[in-house]
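Worksheet: one structure, shown below.
The values are calculated or read from the model by the stated rules, or taken from the named source; none is laboratory data. Note that the coordinates shown come from a computational prediction; the quantities given were computed from them, not determined experimentally. All Cβ positions, even for glycine, are placed from backbone atoms using ideal geometry, and neighbour counts span all protein chains on display. Just so you know, the surface numbers come from the protein's heavy atoms only, side chains and all, with ligands and any DNA or RNA stripped out. Shrake-Rupley method; radii C 1.70, N 1.55, O 1.52, S 1.80 Å.
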Amino acid sequence: MDPFCLKKLNEERRARRAAILLTDIGDGRDRVIRQGDPVAGALGHAVRTAFLSGRSGIADVDGRTFFLNVHLPPPRLVVIGAVHISQALAPMAKVAGYDTEIIDPRTAFATQERFPDVVLHAEWPQDVLEARPLDPYTGVAAVTHDPKIDDPALAAALTSGCFYVGALGSRKTHAKRVERLKLLGLADEQISRISAPIGLDIGAASPAEIAVAIIAEVVKTFRARELQPLQQLDRTA
């Protein structure tokens with residue numbers, strides 16, 4: 001691999017940005033393509049498909065053969081609220097393969113005793129997320145029931161392209177949340193991305209059951225993010 005390409009790939013990894021190392025099998029030349037970089041024609045279709053599926057592979061384009069080595073950031077779940085639901089959700093998310101962290105400024109709740117082996121931030125979400133920005137490979141679950149804590153995190157998630165945004169609360173509670181988010185400058189289209197009440201509708205009642213519903217919805221949303229655009233690409237190819 002070209003040392004310049006390796007340096008560029010490492011930069012993208014550190015920034016949690018998706019990239020592809022594209023190698024021309026014929027002459028051995030390679031280059032790094034970041035997600036969103038313009039690539040025209042059939043090769044562009046292959047690149048977009050690879051980004052969406054996350055799968056590396058061979059593409060034959062116009063008589064040339066390319067290998068697309070896909071590098072995607074590991075999926076991350078940021079949980080807003082160190083509550084009982086979070087205590088069940090964090091280990092489930094870890095088993096499902098999600099890097100998980102919990103944010104809650106309430107130091108009585110955000111303790112290592114309650115959340116062993118979890119990245120924990122006993123700070124306000126806006127402060128944490130300024131230092132650790134959200135991105136399209138991050139899901140956000142807001143479960144505190146406290147607008148002062150949940151709303152800034154939801155606003156950040158909706159403006160960062162997070163693949164999943166969910167919030168605890170009844171439809172009545174969510175209606176009030178919608179009005180608050182509008183006052184923060186969020187558009188209806190952005191706000192409509194919030195899953196509320198949070199989680200798949202499986203009749204969950206206990207904190208553990210609600211956690212099951214949340215992680216199931218997170219996984220479903222992340223996988224649908226791959227399949228739906230791929231179907232659209234196939235129709236427009």
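Cβ-Cβ under 8 Å, sequence separation 6+ or interchain: first residue in the range 129-155 and under 21 Å from residue 222 (Cβ atoms), partner polar (S, T, N, Q) and in a loop (DSSP other than H, G, I, E, B). Which pairs?
From the range 129-155, the pairs are 133/160; 134/160; 135/160; 136/160; 138/160.
Looking only at the range 1-45, which residues are part of a loop (DSSP other than H, G, I, E, B) and touching a Ser or Thr at 6+ places or on another chain (Cβ under 9 Å)?
Matches in the range 1-45: 1, 16, 25, 26, 29.
Please find, among 37, 24, 2, the residue that is of a type outside the set (Gly, Ala, Ser) and within 24 Å of the chain's Cα centre (by Cα).
It is 37.
I'd like the residue in the range 67-121 that is of a type in the set (Asp, Glu) and over 30 Å from residue 53 (Cβ atoms) and, out of all such residues, is modelled with the lowest pLDDT.
Applying the filter and picking the extreme gives 117.
Test residue 181 against the criterion of being touching a residue at least 24 places away in the same chain (Cβ under 8 Å), within 26 Å of residue 17 (Cβ to Cβ) and either over 21 Å from the mean Cα position of the chain (by Cα) or not in a loop (DSSP other than H, G, I, E, B) (or both), and give yes or no.
No, not satisfied.
So which residues in the range 8-45 are of a type in the set (A, V, I, L, M) and open to solvent by 40 Å² or more (accessible area, probe 1.4 Å), if there are any at all?
Result: 15, 25, 40, 42.
So, of the residues in the range 79-113 that are part of a loop (DSSP other than H, G, I, E, B) and either β-branched (Val, Ile, Thr) or more than 19 Å from residue 145 (Cα to Cα) (or both), which turns out to be nearest to the chain's Cα centre (by Cα)?
If we take residues in the range 79-113 being part of a loop (DSSP other than H, G, I, E, B) and either β-branched (Val, Ile, Thr) or more than 19 Å from residue 145 (Cα to Cα) (or both), then 98 is nearest to the chain's Cα centre (by Cα).
Can you tell me which residues in the range 138-162 are part of a loop (DSSP other than H, G, I, E, B) and buried (at least 21 other Cβ atoms within 10 Å of the Cβ)?
Scanning the range 138-162 gives 143, 144, 162.
Of the residues that sit in the range 46-69 and are in a strand (DSSP E or B) and open to solvent by 20 Å² or more (accessible area, probe 1.4 Å), which one is nearest to residue 120 (Cα to Cα)?
Looking at residues that are in a strand (DSSP E or B) and open to solvent by 20 Å² or more (accessible area, probe 1.4 Å), I get 69.
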